[in-house]
1. Select, from 23, 19, the only residue that is of a type outside the set (Lys, Arg) and touching an Asp or Glu at 6+ places or on another chain (Cβ under 9 Å).
2. Take the residues in the stretch 1-45 that are charged (D, E, K, R) and farther than 30 Å from residue 124 by Cβ; name whichever of them is surrounded by the most Cβ atoms within 10 Å (Cβ to Cβ).
3. Looking at the stretch 102-126, which of its residues are surrounded by fewer than 12 Cβ atoms within 10 Å (Cβ to Cβ), out of contact with any Asp or Glu (no Cβ under 9 Å at 6 or more places or on another chain) and of a type in the set (A, V, I, L, M, F, W, C)?
4. Could you look through the stretch 14-50, keep only residues that are under 15 Å from the mean Cα position of the chain (by Cα) and in contact (Cβ under 8 Å) with a residue 24 or more places away in the chain, and pick out the one that is farthest from residue 89 (Cα to Cα)?
Amino acid sequence: MLHFQRGRLDPRDFWHTVAPSFAAGTGTDLFIGRNTFSILAAMKLEGIRVDYVVVDTVRVPRETFATIIEAWRDGYAESIGQLTPFSRESTVEYFNQMLENIRDPFKYAVWMVPVVSARVPKSWAA
């Protein structure tokens with residue numbers, strides 16, 4: 001749920017390939033935020049809510065947002081290069097372009113972080 005303006009590279013190409021490839025290579029669900037509602041509904045929990053923390057270049061200082069993306073670049077570029085069709089070098093290029101987008105005062109970027117909550121039914125308390 002990351003969105004950046006396109007530049008020389010299109011970040012959609014990166015995220016639409018990296019997330020499923022990396023998830024398959026690591027056995028993790030990188031779409032858990034999108035899947036949590038269904039998981040909680042299948043558990044028959046009540047009052048399921050999905051809210052969002054919006055981390056963007058309007059609500060959050062650009063440098064704070066950039067620091068998050070830098071940490072991802074520095075922490076994941078090597079493994080993305082090993083587990084996805086993107087090399088380590090091209091991964092760094094994509095992240096650097098995303099960072100340029102975040103730091104450019106005339107551009108916009110957003111990360112929508114889902115926050116999911118639910119209640120255990122009272123009938124479970126017995």
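The values are calculated or read from the model by the stated rules, or taken from the named source; none is laboratory data. None of these values were measured; they are calculated from a predicted model. With ideal geometry, Cβ positions are generated from the backbone for all residues, glycine too; neighbour counts draw on all protein chains shown. With ligands, DNA and RNA removed, areas are computed over all heavy atoms of the protein, side chains included. Shrake-Rupley method; radii C 1.70, N 1.55, O 1.52, S 1.80 Å.
1. Among 23, 19, only 23 is of a type outside the set (Lys, Arg) and touching an Asp or Glu at 6+ places or on another chain (Cβ under 9 Å).
2. Of the stretch 1-45, the ones charged (D, E, K, R) are 6, 8, 10, 12-13, 29, 34, 44.
After this cut, where a residue has to be farther than 30 Å from residue 124 by Cβ as well, the list is 6, 8, 10, 12-13.
On the way: 6: 11, 8: 7, 10: 14, 12: 12, 13: 12.
Here the answer is 10.
3. Matches in the stretch 102-126: 106, 124, 125, 126.
4. Among residues in the stretch 14-50 that are under 15 Å from the mean Cα position of the chain (by Cα) and in contact (Cβ under 8 Å) with a residue 24 or more places away in the chain, the one farthest from residue 89 (Cα to Cα) is 36.
Listed here are the residues, each with its yes/no results for (1) open to solvent by less than 60 Å² (accessible area, probe 1.4 Å); (2) at negative phi; (3) in a loop (DSSP other than H, G, I, E, B).
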{"residue": "47", "(1), (2), (3)": "yes, no, no"}
{"residue": "54", "(1), (2), (3)": "yes, yes, no"}
{"residue": "64", "(1), (2), (3)": "no, yes, no"}
{"residue": "78", "(1), (2), (3)": "no, yes, no"}
{"residue": "86", "(1), (2), (3)": "yes, yes, yes"}
{"residue": "90", "(1), (2), (3)": "yes, yes, no"}
{"residue": "93", "(1), (2), (3)": "no, yes, no"}
